[in-house]
Structure formats: structure tokens, C-alpha cells
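The values are calculated or read from the model by the stated rules, or taken from the named source; none is laboratory data. Quick caveat, the model's predicted, so the values are computed rather than measured. We place every Cβ from the backbone using ideal geometry, glycine too, and count neighbours over all the protein chains shown.
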Amino acid sequence: MKGHRSLILLAVVVLWSAVVPRAVAQAADWQQIPIPPLPAFHPQQPKRFELPNGMVVFLQEDHELPLIDGSARIRGGSRSEPASKIGMMDIYGEVWRTGGTKTQTGDQLDDYLEIRAAKVETGNNVDSTTISWSCLKGDFDDVFKAFNNVLREPEFRADKVDLAQREMYDAISRRNDDVSAIAARESVKLAYGANNPYAREAEYATVAAVTRQDLVDWHDAHVHPNNIILGIVGDFDSAAMEAKLRQSFGDWPKGPPVKVDKIEFQPAKPGYYLIPKEDVNQSSIRMTELGIRRDNPDYYAAQVFNEAFGGGFSSRLFKSIRTAQGLAYGVGAGIGASFDHSGIVRISMSTKSATTVESVQALYKEIDGLGKNPISDDEIKRAKDSILNSFVFNFDSPEKVLHERMAYEFYGYPADYLERYRAGVEKVSKEDVARAAAKYLHKDKLAVLVVGNTADFDKPLDSLGSVTKVDITIPPPPGEQPGAPPKPGSDSGGETQ
């Protein structure tokens, strides 16, 4: 037996000796390995149809698992709430579901769904509100009925309004605990303006002002079929599902279209903004200015620039600021783009307190370097490869494609926008990237925010220029002592059970 083992070992050594030199030789000229072009990207497209009442529906069949998921996106979100009631839509998004329906409390609905391993959830964001469901195929009729009841007959019970308000008070009281959260929040205010609907924050007083009737009125004004995009994905037959939806929603009358008010952007003046925080040993740095929209012709060039300059481990900023200079664990930058309003140009990093000013200067040097040493062909190739090779994983399921297609419908983008993305990135040239960088990233227009312990800075921040202190004190509720949360302001409408 021992002799057999020796023979086997000898054979392995001989084989290894023969293979390794060839493997090493292959590895030495790996750049010569032919790389085939990426295959054409044509994801399975959902079926689209529109009901006579204006509801737009997308159906995406996926028979891999016996599940059916759906979501409705309703036009109107937190940017439409009154300035005196900021936070109203956060409360709405929660109580829409927890408040139950006219025939079931939210707790009863929880039990009903739990025994079916299903869920119905609601939420909100800045420009829309959402309601969704997820269930087994065999429970679809029961769960869809619950979804439809929450969608069309919510009760917004007063005790749940009260609970949601208390939860928001708690969140307000803790919003200055985390340095990164402070920097993110306040940098958006600098980019858009403190009173801009995309930047403003709920306070005790604005949350306390929200009543149950506010939620009822908002629902009555916005939740109409012509303001809804419904998407369903899962194990179903599209023809049968379409017939069911036409039967369920066909008699729902149209309502008034949602009006979108013009939103003004008032970015802060370029300069330095400081939030002193004595209980930390690192500084968070954010540089901001207004960015672009996704329908901007320079969007694809900006995407390639973002990846090459500040998008990952191989980006120029990461190699210089982190690897070469050791000033940060992570650093990033990019020309932000949103669907229907300007995004934000952001450069962000965190560094130890003792290298705060040095880090700001290092970031400036990298921006200046773009003029003298523009993004190279090699950097652009790596950026494109990174974007395109990871692109498919963002849309590698029918559900992801469905939700992306719903977004294009919501914002009025062409149906083939997803397919255009890859071609747009592939066409970007070195000159395109240089032009985008020069056009949208301006050192002299940046508002620079620093959150940190000023006593430990390497130099005073005002050694760089005039500094404006940003007050992040949480205003106390009217008539209350600082730090004391107000009493909820919901009215008594709606029964509690």
C-alpha cells in the first residue's frame, strides 16, 4: 500500500512539473487572451397595457417559482407635503398599512397575511407613494383582495397615527448621533437649499401638526387610477391576469391629475461650512454642487467619469487619497444624475481629525489634476469594463427589469432606455469624459462641508478661507422645553380596535 502511495505521489509531481511552467507562461501574457464582445442585451420585456381609466399596467411572467408579487406606484410624495407639515408623507406611508381598512384593523390584517406567508406593504419617497404585495400563487386571490382593500379603502386609524408620530419624534431626537448621517443630510441642504423639498427635514412641530384628516385628504386627492402604475411579476398567465385586473379596476373612475409644482434650487454659496462635533475623532468631508438629469446628453460620459475618477477601488481618487497618501479608508466622487431634477455633484471622504485640512487640499489637488492630467484611455477602458461587466447584474431578474421599466414610464423616459444605456457607455470617448468633467465639476463652485472635532484639526479650517458654521440644533416643539417631544396632534377620527 505504501508503494502505491509513492507511485501516486511521483505521478502527481511529474504532472505538476509539466503543467506549472505552461500555466506560468500563460499567465505572463494574459493580456493577449482574446476577450469576446459582450452579447447583445435584450432583457425580457413586460407586457404593457392601459385601462380606460388611465391606470397603466405592466405584466412580467416568471415561472421559476410559484410566487406572484406586485406593486403600485402612485404619483405624489413628500415633495408635495406642506412646509408646515413636513413628515406627513412618512406618517402616511406607514399608517396607510398599519391603520388597516374599513373592515379590518392593521393587526387583523397582519394575522390574515401571516397564516398565508404573504405581505402587503406601503411606503413613500420624495415623488411617489407605493403599495405592494407578495404571496404564493395559490393564495393570490386572497392576498390581492387584501391589497385592493388597502389601496382603495384605508382607514388611517388614529391610534396608529399617534404611534407613527411618536416614532418620528424618536428619530428626530437621534438624528445628530451619527457623523456620516449629519454630513449626508446637511450636504444635500447645501446643494439644493435648506427649504427645498428634496432637502428639508421634519421637526417636532411639523410632525405634531399632522392629523388623521390630513392623511385621508391626501389619499382622496392622489390615489386615483390615472395616477397609478401597477406592475406584477410571477407565475401567472398574462391573458388571465389582464382579464382579472380589468374586472377589478375597470369601474374605478378617474380622478384629477396630480399637479407638480415648480421647485426652485438655491445652492449655498461656494465656500467652507463647518459643523463642530467634539465627541468624534474623524472628520466627514463633503463637497457639493448641482449635478445633472439622466436625460442630459452628457449622462453617459458623466457615468464613465464617475467610475474612473471616484467610483471604486481602481478609481483615481482611491489610488491617490487612500492608497498612496493614506488619508482615508474610503473616498468617492461623482456627477450625480436624477430622473426628473438635478442630481448632486458629490466628493466625499472621511479622515482622522489630524488630517482634515490636508485632506481637503488633497481633494482640491485631484480636481486641479483633471485639467493637467485628464482621465486617460486606460482609465476609461477600466471604467467602461467595470460598468458594462456589472451592468447585467442590476437587471438579471424579470422583477428588476419590471421595476426599471415602471420607472421609465413614471418619469416619461423612452421604453428602450435600458437598452440604450450600454450603447451610450460604449460610445463614450476620452474627449467626452474630459468635457463632462470640465463642464460639471468646478472647484470654485463647491460648497465644502466639514463635520468634526475642530480641536484636533491639523490646521484651523479658516486657514483655507472664510468659514460659515452650520447650526444643527434640533428645535424644541412649540411651548415645550428643549428635548421634550410634543404630544401627538392627530385628531380623533377613525375608530380604534
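Considered as a group, the residues in region 194-214 that are hydrophobic (A, V, I, L, M, F, W, C) and within 25 Å of the chain's Cα centre (by Cα) include one that is surrounded by the most Cβ atoms within 10 Å (Cβ to Cβ), and that residue is 207. In this entry, residue 345 passes the filter for residues that are in contact with a His (Cβ under 9 Å, 6 or more places away or on another chain), in the same structural domain as residue 433 (by TED's automatic domain parsing) and surrounded by 20 or more Cβ atoms within 10 Å (Cβ to Cβ). Filtering 320, 314 for residues that are modelled with pLDDT under 95 and not charged (D, E, K, R) leaves a single hit, 314. State yes or no: is residue 191 of a type in the set (Gly, Ala, Ser) and surrounded by fewer than 23 Cβ atoms within 10 Å (Cβ to Cβ)? Spelling it out, it is not the case that residue 191 is of a type in the set (Gly, Ala, Ser) and surrounded by fewer than 23 Cβ atoms within 10 Å (Cβ to Cβ).
Only one entry in 352, 259, 277 is over 21 Å from the mean Cα position of the chain (by Cα) and not assigned by TED's automatic domain parsing to the domain that holds residue 391, namely 259. For region 300-342, a residue qualifies if it is surrounded by fewer than 20 Cβ atoms within 10 Å (Cβ to Cβ), in contact (Cβ under 8 Å) with a residue 40 or more places away in the chain and aromatic (Phe, Trp, Tyr), and exactly one does: 339.
Okay, residues lined up against (1) over 19 Å from residue 172 (Cβ atoms); (2) charged (D, E, K, R); (3) in contact with a Pro (Cβ under 6 Å, 6 or more places away or on another chain):
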| site | (1), (2), (3) |
| --- | --- |
| 80 | yes, no, no |
| 83 | no, no, no |
| 86 | no, no, no |
| 90 | no, yes, no |
| 95 | no, no, no |
| 105 | yes, no, no |
| 110 | yes, yes, no |
| 116 | yes, yes, no |
| 124 | no, no, no |
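For region 393-449, taking the residues that are basic (Lys, Arg) and more than 22 Å from the chain's Cα centre (by Cα), the one that is nearest to residue 367 (Cα to Cα) is identified as 443. Residues considered: 292, 229. Of these, the only one that is modelled with pLDDT of 95 or more, assigned by TED's automatic domain parsing to the domain that holds residue 437 and crowded, with 18+ Cβ neighbours inside 10 Å is 292. Exactly one residue among 220, 142 is part of a helix (DSSP H, G or I), without any contact (Cβ under 8 Å) to a residue 12 or more places away in the chain and surrounded by fewer than 19 Cβ atoms within 10 Å (Cβ to Cβ), and that residue is 220.
Of all the criteria given as (1) touching a strand residue (DSSP E or B) at 6+ places or on another chain (Cβ under 9 Å); (2) modelled with pLDDT of 95 or more, the one not satisfied by residue 308 is (1). Restricting attention to region 369-379, the residues being in contact with a Phe, Trp or Tyr (Cβ under 9 Å, 6 or more places away or on another chain) and either closer than 30 Å to residue 234 by Cα or assigned to a helix (DSSP H, G or I) (or both) number 2.
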